[in-house]
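Report on one structure; see the data block that follows.
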Amino acid sequence: MTAGDAGLFGEGLFADAEADPAAAPVDWGAPLAVRMRPRSLDEVVGQQHLLGPRAPLRRLVEADEPMSLVLYGPPGTGKTTLAHVISLATQRSFVQLSALDAGVKEVRAVIATAKRELTHAGRRTVLFIDEVHRFSKTQQDSLLSAVEDRIVSLIAATTENPFFSVVSPLLSRSLVLALQPLADDDVRAVLRRALTSDRGLDGAVTLTEEAEEHLLRVAGGDARKALTALESGAGAARAIGSTVLDLPTLETAVAQAAVRYDRSGDQHYDIASALIKSIRGSDVDAALHYLARMVEAGEDPRFIARRLVISASEDIGMADPTALVTAVAAADAVAFIGMPEGHFPLAQAVVHLATAPKSNAVTVGIGESVADVRAGLAGPVPPGLRDAHYAGAKKLGHGATYVYPHAHPDGVVPQQYPPDALVGRDYYRPTGRGAEAQIGARLARLRAIVRRR
């Protein structure tokens, strides 16, 4: 391990991991969740579909094969833990980057170091990138060569569906493993281990049954959240001189239970879908409910804002052209003021979109237009519309028949704009709702003038 790798093993937790991970010193200044991080595959709780005797992850680790992984799952399910354990089990250098503060420069520096380690010491490197979905396409592309040549074994963690958030070339070079929210029994095992372990609370407090059940509700399948709440509750019990952590003391320390998405299925996208469909259906109250669930669950506000911007065009469009302005303004406001106050402009945008008149005429119009292009209905641009600004264009007849609309009193003139194959085709068909009622009447007059030849 190079000097630059020091401190990367869980805030110093595994600094002497090569000798014996189990004997590594405990950093008592670290949070309980960090101190209790498993040091071997056998200590990992849950995820048996990946870690069972014949499961893919265990086979890859025990065979010490060069591998790149994308670990996908909700917070607190063990993505970072698995990355550390894999590194320890395979005796490789471990380097961790966060997509929040690392860029292409940092990635290239790690790859250069890994190449030297492999060339001169014959030692491979595990590169763990947390929240890889926050990397841009360019940043993700910068990893491709090193992953392809196995200079690094990439372990990328994401809470977002990787098939939406990770570039296809990187996915094709990696094994995608989905982590599931922990069951209550899994979280219970984590809590009980922390209560007795010499790396944890070492028997300093005991937990009543009621308090344990409340911790399970607070955690919502998130082991890190459960341990954080336990640590807070244990501190509150000690502060009053008690060795028993009961429900009243725990409730004092943990004021609010975490609101999580439902555990079944890909709830990240299910709740987002419910939000957009409620807006489309003009149910403002349901839309605010789903927005609240996303905000309270810690959803990335930028993801919410992006969905609202899409909805403003997809489901409202020209029925209320100001809806898109509001959605974009909400996205800018969230980026400017952050959370938690950012939920106010998000809520304002949700109310505007849900109560606005609806039209999918823009969506249908671009969809039909794209379908025609893909079907080969294109053809040459009419000569009058071709670029006439370069030398020799006039000799080709480019622009010779073009009529300048501003030279006409009405600003509209009869003229062919589409290719011959698409003359007379109507893509945009406004509804009679909202502003589109007036747009529809004007559009009929415009088409009558433009197409009169």
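The values are calculated or read from the model by the stated rules, or taken from the named source; none is laboratory data. Worth saying up front: this structure is predicted, and the values here are computed from it rather than measured. So basically every Cβ, Gly included, is an ideal-geometry build from the backbone, and we count neighbours across all protein chains shown.
Tabulated data
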{"item": "Residues of region 309-347 classified as under 23 Å from Val132 (Cα atoms) and in contact (Cβ under 8 Å) with a residue 40 or more places away in the chain, total", "result": "1"}
{"item": "Residue ID - farthest from Thr243 (Cα to Cα), chosen from residues in region 189-216 that are small (Gly, Ala, Ser) and part of a helix (DSSP H, G or I)", "result": "Ala189"}
{"item": "Answer residue from region 258-268, given it is touching an Asp or Glu at 6+ places or on another chain (Cβ under 9 Å) and surrounded by 14 or more Cβ atoms within 10 Å (Cβ to Cβ) and is modelled with the highest pLDDT among those", "result": "His268"}
{"item": "Qualifying residue in region 58-73 (condition: basic (Lys, Arg), within 22 Å of Val147 (Cβ to Cβ) and in contact with a strand residue (DSSP E or B) (Cβ under 7 Å, 6 or more places away or on another chain))", "result": "no"}
{"item": "Those residues of region 100-127 which are farther than 28 Å from Arg59 by Cβ and either among the small types (Gly, Ala, Ser) or surrounded by 20 or more Cβ atoms within 10 Å (Cβ to Cβ) (or both), in sequence order", "result": "Ala102, Gly103, Val107, Ala109, Ala112"}
